[in-house]
1. When residues of the stretch 124-178 are filtered for being more than 21 Å from the chain's Cα centre (by Cα), in a strand (DSSP E or B) and modelled with pLDDT under 75, how many remain?
2. With respect to residue 381, is the statement that it is assigned to a helix (DSSP H, G or I) and without any contact (Cβ under 8 Å) to a residue 12 or more places away in the chain true?
3. Every residue in the stretch 87-98 that is outside any loop (DSSP other than H, G, I, E, B), under 25 Å from the mean Cα position of the chain (by Cα) and buried (at least 20 other Cβ atoms within 10 Å of the Cβ), please.
4. Does residue 101 satisfy the condition of being buried (at least 17 other Cβ atoms within 10 Å of the Cβ), free of Cβ contacts under 8 Å to residues at least 60 places away in the same chain and in a strand (DSSP E or B)?
5. Could you say whether any residue in the stretch 390-403 is in a loop (DSSP other than H, G, I, E, B), more than 19 Å from residue 281 (Cα to Cα) and touching a strand residue (DSSP E or B) at 6+ places or on another chain (Cβ under 8 Å)?
6. On the basis of being modelled with pLDDT of 80 or more and surrounded by fewer than 16 Cβ atoms within 10 Å (Cβ to Cβ), does residue 63 make the cut?
7. Give me the pairs: first residue in the stretch 70-91 and modelled with pLDDT under 85, second residue part of a helix (DSSP H, G or I) and surrounded by 16 or more Cβ atoms within 10 Å (Cβ to Cβ), beta-carbon distance under 6 Å, and six or more apart or on different chains, which are they?
8. If you go through the stretch 108-116 one residue at a time, do you hit one that is under 25 Å from the mean Cα position of the chain (by Cα), at pLDDT below 85 and crowded, with 20+ Cβ neighbours inside 10 Å?
């Protein structure tokens, strides 16, 4: 508000009859407008002078958040909000780099879909929508124009009390638990984050993709899909094999391991090479080291490995893990690019400390090891003793940092 208040004091910008701020080039004025708190404040600058009247219509990004207004909203205020969004989009004169909208539960699905259509017409590059369904379990039908949008690079959908539906697509079914086919045709997309439940088949035309984050949820009734579930997981893996940054969670890696055991690792579906991969973030436990090693072996240009080790209650897992670690070839492959290690649900276990000691001793490139405690009482009682023990370990890397913290419950 401070910057906006200064702009409204028009006389302070005028020296000997010359308005120096208004005479600045458009890119600089756009930069000034970008520092304002909200799009609503940006629009208000049109009253400053004739020069500013239409300037706001050419700013590259719009951000509209209903949560910044008064609470609760009256029916009149809700209508005013919708009219404001309509008016802002209708008065755009240039294409949109980014459109961010948080409308809570104050707009129906048809209104949101209309706004998406207008944003696509403005050749939006990044679309970030947050909304909540008025009726629990309501479907949000993804508009066809959004999936086929040639300009779209980043799409973020934060939906509450509703689920995504692809019913407008030929051969597709509603994404409530599973969808039959998931097709994404965005030739300029550079970032993809896929979370929730699995589709049965994938088609991603995203050759420009640079970063992929896959956070799958474990299904409650996976048994009925056991005949092909692992193959489907690897099908998804194959679609993103060309990315530079890949983050995959525990359930995704576990499913790849399942596929390898049941289908003898046929080449189809599992990439033979990840030629562009530079950064890998992966969560494993003692039984999933083989999947990690396979990924590392086919990633010739990997620079940064962030390894998250998920604790399991079985001591046998740790024995198996350490047994594989001590193999010469495994040690060489694993520690060559290992930069960060994070131990989840750590509570001072000797087995975990043994793995940490091994990684300290062989990780020449190691930069950080994090011990994430899950039990507050044990953290208070044992963390100092455990870290004193860690401090005595030999460390192959001279720059490695040791962090111990209590994870949020």
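1. Here the count works out to 2.
2. Values: assigned to a helix (DSSP H, G or I): yes; without any contact (Cβ under 8 Å) to a residue 12 or more places away in the chain: yes.
Criteria met by residue 381.
3. Just the residues of the stretch 87-98 that are outside any loop (DSSP other than H, G, I, E, B), to begin with: 87-90, 98.
Going one step further and asking which of them are under 25 Å from the mean Cα position of the chain (by Cα), we end up with 98.
None; the set is empty.
4. On the way: buried (at least 17 other Cβ atoms within 10 Å of the Cβ): yes; free of Cβ contacts under 8 Å to residues at least 60 places away in the same chain: yes; in a strand (DSSP E or B): yes.
Judged against the criteria, residue 101 is a match.
5. Of the stretch 390-403, the ones in a loop (DSSP other than H, G, I, E, B) are 392-400.
Then keep just the ones that are more than 19 Å from residue 281 (Cα to Cα); that gives 392-399.
Okay, now just the ones that are also touching a strand residue (DSSP E or B) at 6+ places or on another chain (Cβ under 8 Å), so none.
Checking the stretch 390-403: not a single residue is in a loop (DSSP other than H, G, I, E, B), more than 19 Å from residue 281 (Cα to Cα) and touching a strand residue (DSSP E or B) at 6+ places or on another chain (Cβ under 8 Å).
6. On the way: modelled with pLDDT of 80 or more: yes; surrounded by fewer than 16 Cβ atoms within 10 Å (Cβ to Cβ): no.
In short, no.
7. So the pair list comes out as 81/66; 89/118.
8. No, that holds for no residue.
The values are calculated or read from the model by the stated rules, or taken from the named source; none is laboratory data. Note that the structure is a prediction, hence the values are computed from the model and not measured. Glycine also receives a Cβ, built like all others from the backbone with ideal geometry; neighbour counts cover every protein chain displayed.
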